[in-house]
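The values are calculated or read from the model by the stated rules, or taken from the named source; none is laboratory data. On a predicted model such as this, the values are computed, not experimentally measured, just so you know. Here the Cβ is made from the backbone with ideal geometry for all residues, glycine too, and neighbour counts use every protein chain on show.
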Amino acid sequence: MAWFKKEKTPKLPAGDRRFTIPEGLWVKCDNCKEIIYKKEVARNANVCPKCNYHFRISARERLETMYDDGRFREFDTEIARRSTRSGSSTPRPTPRGSSATRKRPASRTPSFRARG
């Protein structure tokens, strides 16, 4: 006989109480397998604070770290890369084991006739 009775609310099923975590907030270190906050890694110059593993960075990020005082100026951005194979006079290499490498000219292959 309790004077006050606490009303219990029913618990939600496991599927309904999942939290949505935004993608890209955490990064996993390839060396120590530790999960680290991405902003902490960025503050530490893309180095794991636990094991000092250096994460890969892009070429643009490397240039920004080298020329961070504003002296770097990009020019000729409209130049596109040309395909080097289209104008090349050398033949394209064939993969190993392909039928093109196993074929021999007919004049060099001897033919034998069985006697009997």
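Contact map, segment 31-43: first residue within 17 Å of residue 65 (Cα to Cα) and in contact (Cβ under 8 Å) with a residue 12 or more places away in the chain, second residue acidic (Asp, Glu) and surrounded by 12 or more Cβ atoms within 10 Å (Cβ to Cβ), Cβ cut-off under 8 Å, separation 6 or more or different chains; the map is empty. Scanning segment 18-35 for residues being surrounded by 11 or more Cβ atoms within 10 Å (Cβ to Cβ) and either in contact with a helix residue (DSSP H, G or I) (Cβ under 8 Å, 6 or more places away or on another chain) or assigned to a helix (DSSP H, G or I) (or both) gives a total of 2. Listed conditions (1) modelled with pLDDT of 80 or more; (2) surrounded by fewer than 11 Cβ atoms within 10 Å (Cβ to Cβ) are all met by residue 38, apart from (2).
For segment 9-22, state whether one or more residues are modelled with pLDDT of 90 or more and β-branched (Val, Ile, Thr). Explain how you work it out, then say what you get.
Initial filter on segment 9-22 (modelled with pLDDT of 90 or more): none.
Taking every residue of segment 9-22 in turn, none turns out to be modelled with pLDDT of 90 or more and β-branched (Val, Ile, Thr).
The residue that is surrounded by the fewest Cβ atoms within 10 Å (Cβ to Cβ), among those in segment 49-80 that are touching a helix residue (DSSP H, G or I) at 6+ places or on another chain (Cβ under 7 Å) and among the hydrophobic types (A, V, I, L, M, F, W, C), is 72.
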